[in-house]
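First up is the structure itself, then whatever we jot down about it.
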Amino acid sequence: MTVKRPLVLTVGGSDPSSGAGIQVDLKVFEELGVYGLSAISALTAQNSEEVFDVFTPPPDSFKLQLEVLFKDLLPNIIKVGMLSNQDNVMVLKEQFLKLNKKRMIVDPVFVASSSMPLLTQKGREALIEHLLPLSLIVTPNVDEAEALSGLKIKDVHEMQRAASIINDLGPKWVLIKGGHHEFEKNVVEDLIYDGVDYTTLKYPRLDKKVRGTGCIYASAIACFLAKGLEELEAIKKARDFVQQKIEQASVLGKGRPQL
Ligand code: PXL
């Protein structure tokens with residue numbers, strides 16, 4: 001007997017080296033037992049060291065991917081990563097609104113670690129105005145939370161203020177990931193806010209800078225939600241999964257370790 005797996009759609013950029021973007025998302029989906037769909041908003045040229053180039057196809061190409069998909073396969077939830085520009089943000093909004101099940105996790109991917117922009121300034125503004133009000137969970141790291149809130153986050157208390165400001169932009173849940181910032185040397189602290197309660201997740205900091213952890217985290221949350229968990233439980237289980245994946249990641253090329 002075959003068991004029907006929930007469909008989860010990832011929308012984002014292609015990473016030929018498979019450490020980030022669509023490719024790593026699909027690996028997470030497979031491992032966590034959901035059926036992965038994908039729509040590609042941009043093609044990056046990158047390896048384990050850096051992003052060299054971004055090519056953004058005409059918006060009609062992205063639109064058609066979603067239109068054709070939704071005529072046939074309706075996702076239980078959408079995970080959004082790199083969108084590249086404003087046109088893609090607007091296409092995604094329009095297509096998302098057609099779905100019966102309107103659940104979207106937005107990972108606000110703004111720049112690559114190697115500093116290549118992955119969303120234009122106009123794209124950022126459109127994401128804030130048009131996607132955040134429709135999203136169930138937004139998952140910024142500290143830099144992205146600063147960009148979204150306009151605050152300079154110097155410690156974990158300021159993460160709370162930023163989370164509250166970001167929550168006012170419309171998403172039901174805000175998850176600020178502390179991994180990129182060393183407020184505490186040996187601990188990574190993530191902050192979750194649902195408009196009422198703050199929850200902190202603390203994990204030992206591993207001495208390993210793995211690529212694509214943001215993509216992995218948001219993808220895992222989408223999977224656990226698709227499998228029926230509540231938001232807080234889904235985020236906690238996804239955080240455990242990320243820790244395990246950081247431990248397992250290996251150096252394959254000349255750059256950082258990856259899944
Ligand atoms: O990790 C953010 C990210 C997401 N998606 C793509 C990327 C990156 C970072 O480089 O290239 C396609």
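Can you name the residue in segment 44-57 that is within 9 Å of the ligand (Cβ to nearest atom) and not charged (D, E, K, R) and is also surrounded by the fewest Cβ atoms within 10 Å (Cβ to Cβ) among such residues?
Taking the candidates together, the pick is Val54.
Can you run down the residue pairs with Cβ atoms below 7 Å, 6 or more apart or on separate chains, where the first is in segment 103-123 and free of Cβ contacts under 8 Å to residues at least 60 places away in the same chain and within 16 Å of Asn141 (Cβ to Cβ) and the partner is assigned to a loop (DSSP other than H, G, I, E, B) and near the ligand (Cβ under 7 Å from one of its atoms)? Between residues of segment 103-123 that are free of Cβ contacts under 8 Å to residues at least 60 places away in the same chain and within 16 Å of Asn141 (Cβ to Cβ) and residues that are assigned to a loop (DSSP other than H, G, I, E, B) and near the ligand (Cβ under 7 Å from one of its atoms), the close pairs are Phe110/Leu118; Val111/Leu118; Leu119/Met82; Leu119/Val109.
Can you pull out the residues in segment 11-34 that are under 19 Å from Lys237 (Cα atoms), surrounded by 17 or more Cβ atoms within 10 Å (Cβ to Cβ) and not charged (D, E, K, R)? Listed by number, the residues that qualify are Val24, Leu26, Val28, Phe29, Leu32, Val34. For segment 201-224, name all the residues that are more than 19 Å from the chain's Cα centre (by Cα), within 15 Å of Lys236 (Cα to Cα) and of a type outside the set (Lys, Arg). If the condition is that a residue be more than 19 Å from the chain's Cα centre (by Cα), within 15 Å of Lys236 (Cα to Cα) and of a type outside the set (Lys, Arg), then Tyr203, Pro204 are the ones that fit. Basic (Lys, Arg) and over 23 Å from Arg256 (Cβ atoms): is that true of Lys71 in this structure? It is true that Lys71 is basic (Lys, Arg) and over 23 Å from Arg256 (Cβ atoms). Considering Val24, Val68, Val109, Val89, the condition of being farther than 14 Å from Ala220 by Cα, in contact with a Leu (Cβ under 9 Å, 6 or more places away or on another chain) and assigned to a helix (DSSP H, G or I) is satisfied by Val89 alone. On inspection, Ser38 does not qualify as within 16 Å of the ligand (Cβ to nearest atom), in a loop (DSSP other than H, G, I, E, B) and not aliphatic (A, V, I, L, M). Residues in segment 157-180 that are touching a residue at least 40 places away in the same chain (Cβ under 8 Å) and either in a strand (DSSP E or B) or crowded, with 19+ Cβ neighbours inside 10 Å (or both): Pro171, Trp173, Leu175, Lys177. Test Ser219 against the criterion of being buried (at least 18 other Cβ atoms within 10 Å of the Cβ), within 26 Å of Asn47 (Cβ to Cβ), among the hydroxyl-bearing types (Ser, Thr, Tyr) and out of contact with any His (no Cβ under 9 Å at 6 or more places or on another chain), and give yes or no. Taking the combined requirement at face value, the residue satisfies it.
Values quoted throughout were computed directly from the atomic coordinates according to the rules given, and no laboratory measurement underlies them. Remember, predicted model here, so these are calculated numbers, not experimental data. Reconstructed Cβ throughout: ideal geometry from the backbone, glycine too, with neighbour counts over all protein chains shown.
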